[in-house]
Amino acid sequence: MRDGPDEITPELLLRAYANGVFPMAEGADSSEVFWVDPERRGVFRLEDFHISRSLRRKIRRQPFQITTDRDFTAVVRGCADHEETWINAEIFDLYSQLHDMNCAHSLEVWDGADLVGGVYGVVLGGAFFGESMFSRRSDASKIALAYLMSRLRFGGFTLFDTQFLTDHLASLGAVEISHGKYHRELTKALKIRADFNAQPAEVQPSDVLQDSNQTS
């Protein structure tokens, strides 16, 4: 159930993120949006992203083309294309508006003309709020995250919020922190002037791999 004004605007949504709160819906067909502020929060330490040996080899082979903000709408659609999704029509529209305001960005993974993976999120100061990702090819979402980590490090970001910690994210180096610690880190990150677009469009695999940790 919505707690607050009947209408959620992009400006209200950004204020919510600045206070550590994000929206969710019960499903694609739901007309209700509710606010979430978890007691435990999942985050990535940008310097501790884990890349396995096999994934390193795959990244070096460059099997996919990586772009940013080439098709934000398609990435959100890909993330919502599940039986269970928290992205309803209102949330979809709000993120599209944030993208138009340069406050939400996507990273796409292409196999030729086919969009096979991607990730998107909201940016405020030095914080990146990762919203969702999807994959239609083996390792496509992991490769998307690896390239995203490189971009965030290059752009001066200090906080990568994953909202919740899943086994998949934990295997890549994400950790869970307390509500209080998260809000302290968020306060510091909001004071930083980071730039999602600082990194050049063409990124070499060596740039993606150099600051990550190798796992077996």
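Odds and ends about this structure:
- Sequence-separation-based contact order of the chain, relative, with Cα cut under 8 Å and 6+ spacing, percent: 28 percent
- Shown here for the range 114-199: trypsin sites (Lys or Arg not before Pro) in loop regions (DSSP other than H, G, I, E, B) with at most 12 other Cβ atoms within 10 Å, namely 191, 193.
- Gain on full extension, evaluated as 0.36 nm per residue between residue 214 and residue 48 minus their Cα-Cα distance, stands at 58.8 nm.
- Distance (nanometres) between label positions extended 7 Å along Cα→Cβ at residue 9 and residue 171: 4.4 nm
- Euclidean distance between Cα centres, the range 15-74 to the range 171-216, Å: 12 Å
- Within the chain, the longest run free of exposed loop sites, counting GluC sites (Glu not before Pro) that sit outside DSSP helix and strand states (H, G, I, E, B) and have at most 16 other Cβ atoms within 10 Å, spans 85-201.
- Gaussian network model of the chain, Cα within-10 Å springs - most flexible of 80, 113, 201: 113
- Counting only Cα atoms, the size of the range 55-131 along its three principal axes is 38, 33, 20 Å, in decreasing order.
- Candidates 155, 130, 180, ranked by Gaussian network fluctuation over the chain, Cα under 10 Å, top entry: 180
- Relative pair counts by distance (%), Cα atoms of the range 1-100, 10 Å bins: 12, 33, 34, 18, 4
- Dividing the helix sum by the residues of the chain, where each DSSP H run of 4 or more adds -39500 (n - 2.57), gives a mean residue ellipticity at 222 nm of -10500 deg cm²/dmol.
- Cβ-Cβ FRET estimate between residue 36 and residue 137, R0 fixed at 25 Å, reported to 0.05: 0.25
- Equivalent ellipsoid semi-axes, the range 75-216, via Cα gyration tensor eigenvalues times 5, rooted, Å: 21, 20, 17
- Relative contact order (percent, whole number), the range 18-82, Cα cutoff 8 Å, 6+ residue spacing: 20 percent
- Dipole axis of the range 116-181 (+1 Lys, Arg; -1 Asp, Glu on Cβ), positive-most option in 123, 175, 156: 156
Values in this text are rule-based calculations from the coordinates and carry no lab data. As the structure is a prediction and not an experimental result, all values here were calculated from the model. Every residue, glycine as well, gets a Cβ built from its backbone with ideal geometry; the counts of neighbours run over all protein chains shown.
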